[in-house]
Amino acid sequence: ARAGRAWCDERYLGIAQRALAVLRTRLVDADGRLHRTLSGGAPRHSGMLDDHAAVCAAAIDVFEATGDATAIAFSAELARVVEAHFADDARGGWFSTPDDGEAPLARMKETHDGSEPLGASLHALSLVRLSALLGDVALRQRAERAVQSVGQVLNHAPLAMSEMLLAVEALHGATREA
């Protein structure tokens, strides 16, 4: 979607819209949960935070590039699912695994963006973007709380969470339309 928007190329925009439609129609169950695989045409293996956050961000990209209302609605629904199943209500931010998935020894909250950004970092930025697009202050407040939950990491080793720094910048900068 970003490439199509940057280069004004309808082919890329169409590819992005079709890819998002496949995710929305084939890998999301009746409860709005994203899954990682298809088996026999049915979605299987619950998605993790990274999956939900990446698709949420991609849906915002598709909306911004095309104005496709189904994309922004899908993004808002994924944000709702993340809050319902991944949120750390006690400390802010999100766990990497859903609350109803396989029972790990402990639910992890990672604090280091590696070669791929963390779902928490992607999702915090997506919430800021969604808040601006939908005029929903509660989404922005969730992003602020997520940033605060990793404040010590950001203060002592900011480059450990470089993607989260983009959310910080978005929270403290002026919103602009491209």
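Any read-out appearing in this document is the output of simple, stated calculations on the displayed coordinates, not a laboratory observation. Quick caveat: nothing in here was measured; it's all calculated off a predicted structure.
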Per DSSP H run of n ≥ 4, the term is -39500 (n - 2.57); total these for the chain, divide by its residue number, and report the mean residue ellipticity at 222 nm rounded to 500 deg cm²/dmol.
-> -18500 deg cm²/dmol
What do you get when you divide the Cα radius of gyration of the chain by 2.2 N^0.38 Å, with N the number of residues?
-> 1.02
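DSSP H helices in the chain with Cα extent of 15 Å or more along the helix axis and mean Kyte-Doolittle hydropathy at least 0.0? Don't skip to the answer; put the middle values down first.
Values: long enough: 10-26 (23 Å, -0.11); 49-66 (25 Å, 0.83); 69-85 (24 Å, 0.83); 119-134 (21 Å, 1.37); 137-149 (18 Å, -0.55); 162-172 (16 Å, 0.92).
The answer, listed by residue number, is 49-66, 69-85, 119-134, 162-172.
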Amide hydrogen neighbours beyond the local backbone of W94, cut-off 5 Å, H modeled = D88
